[in-house]
Amino acid sequence: MPIKEIGLISFRNHDEIKLKFCPNINVIWGKNGSGKTAILEAIHILSIGRSFRTNRKNELLKEGKDYFSITAKFKKNSNEQTVQINQTNDGMRRIIVDDNKIDNIRQLIGLNSVVLLSPEEQIITNGTPQDQRNYFNKLFSIISTDYLNTLFEYSRIIKQRNKLLSDFHLVKSADDELAVWNDQISDVGIRLWKSKKTYLNKFFHNLEIVIEKFPDSSFSLCCETTSKATLNKDEYLEILNKFQNKDIYLGRTSFGPHNDKLDFIFNGKNIKQYGSQGEHKFTLLLIKLTEVEFFKEQTKQDPIILLDDLFAKLDDVRSKQAIEMIGKDLQTIITTTDLKIIEDRGVLIDAKKNSSVYLS
């Protein structure tokens, strides 16, 4: 759903600021350090409950302040939806949606989808397998409450099983307890794998469509995954038993969806191992364009596009192609240090249709 306005109090380097957005292209420009990215970060937090820049909540609070508050109004059909997050300097949060307090952050995820293209997102192509798992888990959790709940349940069981494994020789009935956890984790693990396979196939299908539509077709991009979605329960239990001694020695579970690997193959080579910097940036762009199509198809709503200094990261040709692919009908919020740069890349600032804000 499009965002209509946002207000920040004591968030990052902003004392107090309020911005309004149009439903098309919005440009936030200013010098480095003026707080442009913080605006996108706040929209991201209101949409999925977490920052894309840090896991430390205290970094979001302006120095010397006791709390921060971010509030936004989103267009929901013909009505408005208000989302507010308040946080004190001890990290305690209060989330309110339309005057109703939310007790679980899972209730916030999926209300307003965003697609973010920022330097931090490059870990999707060059980060660890955990970074890639986190990306797809986040993506699928946004469009499916069932997936989100299954993921939480699986994570809970993994923690409990790992605790038992680390204390295995201190627990009298450890073998019996491990059998109970094995039974639970095999059920939930299979369910998570099957659900992940379903959504990965949909995502890969959207990727193929994006590649077909892309103006430059002189490349190939596909994905390979180690997911074991075809296993049945007996096979899952057999593997857990096979790895039992290893797991006890390591103090952690070595088999399951939490250890999946996914590789992006660009022009026939593993991009993480052999990709150039330019190929990494281009692959991330394709992934994000696919994310847009994936959200549109799965939620039947248009996501908000957040482009953090995109044009400093891509060359002229790729930048123009990206804007052409996104189109002018989706709400897009762009940060830049120079308006001329984005105009040169094909973004026309029209006061009647678009919005431009300068941060000093």
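This table checks each residue for (1) touching a helix residue (DSSP H, G or I) at 6+ places or on another chain (Cβ under 8 Å); (2) in the same structural domain as Glu212 (by TED's automatic domain parsing); (3) farther than 17 Å from Ile123 by Cβ.
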| site | (1), (2), (3) |
| --- | --- |
| Leu240 | yes, yes, yes |
| Asn245 | no, yes, yes |
| Leu250 | yes, yes, yes |
| Ser254 | yes, yes, yes |
| His258 | yes, yes, yes |
| Lys272 | yes, yes, no |
| His280 | yes, yes, no |
| Phe295 | yes, yes, yes |
| Leu306 | yes, no, no |
Query raised in the report: Of all residues in the stretch 138-170, which are among the acidic types (Asp, Glu) and over 30 Å from Val115 (Cα atoms)?
Result: Asp167
Query raised in the report: Residues of the stretch 97-111 being of a type in the set (A, V, I, L, M) and either more than 22 Å from the chain's Cα centre (by Cα) or in a loop (DSSP other than H, G, I, E, B) (or both), which ones?
Result: Leu108, Ile109, Leu111
Report task. Can you work out which of the residues in the stretch 133-168 that are surrounded by 14 or more Cβ atoms within 10 Å (Cβ to Cβ) and basic (Lys, Arg) is nearest to the chain's Cα centre (by Cα)? Result -> Lys138
Query - In the stretch 217-248, residue surrounded by the most Cβ atoms within 10 Å (Cβ to Cβ) [restricted to those that are farther than 30 Å from Asn267 by Cα and of a type in the set (A, V, I, L, M)] - result: Leu240
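Of everything in the stretch 56-113, what is small (Gly, Ala, Ser) and on the phi < 0 side of the Ramachandran plot? Give them in sequence order. Before you say what the answer is, go through the steps one by one.
Step one: filter the stretch 56-113 for residues small (Gly, Ala, Ser), giving 64, 69, 72, 78, 91, 110, 113.
Across the stretch 56-113, the qualifying residues are Ser69, Ala72, Ser78, Ser113.
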Query raised in the report: Which condition does Arg53 not pass, out of (1) surrounded by 17 or more Cβ atoms within 10 Å (Cβ to Cβ); (2) touching a Leu at 6+ places or on another chain (Cβ under 7 Å); (3) within 22 Å of Phe136 (Cβ to Cβ); (4) not β-branched (Val, Ile, Thr), if it passes all the others?
Result: (2)
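Does Ser195 fit the bill of being touching a Phe, Trp or Tyr at 6+ places or on another chain (Cβ under 8 Å) and either surrounded by 15 or more Cβ atoms within 10 Å (Cβ to Cβ) or of a type in the set (A, V, I, L, M, F, W, C) (or both)? Walk me through how you get there before you give the answer.
Details: touching a Phe, Trp or Tyr at 6+ places or on another chain (Cβ under 8 Å): yes; either surrounded by 15 or more Cβ atoms within 10 Å (Cβ to Cβ) or of a type in the set (A, V, I, L, M, F, W, C) (or both): yes.
Yes.
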Report task. Determine whether Leu116 is within 29 Å of Phe264 (Cβ to Cβ) and part of a strand (DSSP E or B). Result -> yes
Report summary line: Ser69 vs (1) crowded, with 20+ Cβ neighbours inside 10 Å; (2) touching a residue at least 40 places away in the same chain (Cβ under 8 Å); (3) polar (S, T, N, Q); (4) over 26 Å from Glu291 (Cα atoms): all pass except (1)
Query raised in the report: Wholly within the stretch 3-96, which strands (runs of 3 or more DSSP E) include no fewer than the required count, namely at least 1 residues that are within 28 Å of Val347 (Cα to Cα) and at pLDDT below 90?
Result: 25-30, 67-76
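The values are calculated or read from the model by the stated rules, or taken from the named source; none is laboratory data. Every value quoted in this text rests on a predicted model; they were computed, and no experiment measured them. Reconstructed Cβ throughout: ideal geometry from the backbone, glycine too, with neighbour counts over all protein chains shown.
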